[in-house]
Structure formats: structure tokens, C-alpha cells
1. With respect to Arg232, determine if the residue is among the basic types (Lys, Arg), on the phi < 0 side of the Ramachandran plot and modelled with pLDDT under 90.
2. Hey, can you tell me all the residues within region 121-156 that are loosely packed, with under 13 Cβ neighbours inside 10 Å and at positive phi?
3. Restricting region 97-120 to residues that are of a type in the set (A, V, I, L, M) and farther than 21 Å from Arg162 by Cβ, which is surrounded by the fewest Cβ atoms within 10 Å (Cβ to Cβ)?
4. Is there a residue being under 30 Å from the mean Cα position of the chain (by Cα) and either of a type in the set (D, E, K, R) or not assigned by TED's automatic domain parsing to the domain that holds Gly111 (or both) anywhere in region 127-142?
5. Restricting attention to region 20-36, and to residues there that are exposed (fewer than 15 other Cβ atoms within 10 Å of the Cβ) and not in a strand (DSSP E or B), which single residue is modelled with the lowest pLDDT?
6. Lys197 is checked against (1) under 24 Å from the mean Cα position of the chain (by Cα); (2) surrounded by 13 or more Cβ atoms within 10 Å (Cβ to Cβ) and fails just one. What number does that condition carry?
7. Looking at Gly227, Gly205, which one is at positive phi and either out of contact with any helix residue (DSSP H, G or I) (no Cβ under 6 Å at 6 or more places or on another chain) or of a type outside the set (A, V, I, L, M, F, W, C) (or both)?
Amino acid sequence: MSSIESTGKTIKDAVQKGLFQLGKKENEVTIEVVTEPSHGFLGIGSKMAVVRLTFTEEQESDTVSVEERTQVKEQFISEEAEITAPGFTAEEAAEKAKAFLQDVLKKMDIGEVFIEKMIKNDKVILHLHGNNLGILIGKHGQTLDALQYLTNLTTNQGQDNRYFLMLDVENYRQRRKETLEQLAVRLASRVKHEGDKVMLEPMNGYERKIIHMALQNKEHVRTESEGQDPYRHVVIYYN
């Protein structure tokens, strides 16, 4: 008796890879699951499936013909093609992200939250609706940004096609955008009046872009992003 161990994202994947390696059919081996696959939490502690395939060496030469081995290999390649050919779609990314968020929110004991998805060409937007969701936003959206980062990390892990997932809670992103635009215009007026510069508080890349866009056509001022994350900020200069 001889055996080999094979790994894969799923038990089926691990078994198929082992059969491909041996050139055998499933009914010609004994399959034992060594390790169940696990996704872990927040992408940490994930495990691959491990299976052990046991076979009798004496039967190898007279039970499996070259043609049969070829068929097994072709079947495996075909099944792999069926799995990978469509790629990772935006719809699948949205559903995977929703499942991750629902699991996190359940662990946080947030209560009932409705997640609305919106798929655009450049990103997937997930709107969260419910009661008392301010805890998910945090100061200036810092908690929301952290949750958004973890959602992107977990959703795109191990995928060839990657999508940017934006999280929004009760239209916070739009309200924050309007606040930043008003702040930018007000500070630009001060810079033009005093002929000096103004340094804003540290912001993420999305919010810095809002400031740059709001002032890109304003006369006598220019904007620059300076510093290193997480302290990178916008400076409005008199031009």
C-alpha cells in the first residue's frame, strides 16, 4: 500500500489534484480527509484542505491503462477550466463582501443591518442601513475606513480579478464629501485673502482627492499632498 497527500482550496480540489498526480480514478483509491479547509477570521488563520490518497501499487500496472490515465488528466484539466474560466466577477465580489460584513456585524452584536449593493465599472459600493450605526463610522470615518480596508483585503484574497469595494453607512460618504468641499472653498478664500498657506488635518487618499478636485480650478491657489501615511495631508498654497 502507498499513499500521497494533496492540498487544495477545497476537499474536491485537493482530491482532483491527487488523482491527477497519480493518474488514477476516484474509485481506485481510498480517500482520507487530513485537514478541513478553513477561511479563518478576517483572512487570518485560513487553512488549505489536505487529503490522503491511498492505493495498492500491485494494481497500478494492470488496472489503469494509458488511455484511462489520460482521461483522468483531461477530466481534471476540464474541471479546473470550468472553475477558473469565468474569473472572479463583480457580482461574486459583492456577495462575498456582504457575507464577510454580515459575519463581522453579527460578532459586534450590531443588530439587524440591511446591505444594499451597487456595482459600477470601477468599484462595488455597499450601503449599510440600520439603527444606531454611528459606531461603524467613527471619528471622521476612521472606523468605516478600517472596516472597508478589511473587507477589500478579505474579498480579494487569492483572486486574480480584484475589485475596489467602498462601504457607506447611511449616506455618510456623500455628507462627508459635501463638508470637505465647503471646507476647501472656505480655506481657499482665507489663503487668497492672507496670501499664505493652510495645512489640513491628515486624511485618507479618497478625502484628499475631494479637496484637490474642489480647488483644481480656483484662481490663486494650488494644493499639494504632503507627508507619509497615516499622517499624509493636503496643503493649500497661495499661487
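1. Against the criterion (among the basic types (Lys, Arg), on the phi < 0 side of the Ramachandran plot and modelled with pLDDT under 90), Arg232 qualifies.
2. Scanning region 121-156 gives a single hit, Asn132.
3. Met108
4. Yes - at least one qualifying residue is present in region 127-142.
5. By that ranking, first place goes to Gln21.
6. (1)
7. It is Gly227.
So that you can scan it fast, the table gives a plain yes or no per residue for (1) farther than 28 Å from Leu128 by Cα; (2) not assigned by TED's automatic domain parsing to the domain that holds Val104:
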| position | (1), (2) |
| --- | --- |
| Tyr163 | no, no |
| Ala184 | no, yes |
| Asp196 | yes, yes |
| Lys209 | no, yes |
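The values are calculated or read from the model by the stated rules, or taken from the named source; none is laboratory data. No experiment lies behind these values; they were computed from the predicted model shown. Heads up, the Cβs are rebuilt from the backbone with ideal geometry, glycines too, and the neighbour counts pull from every protein chain shown.
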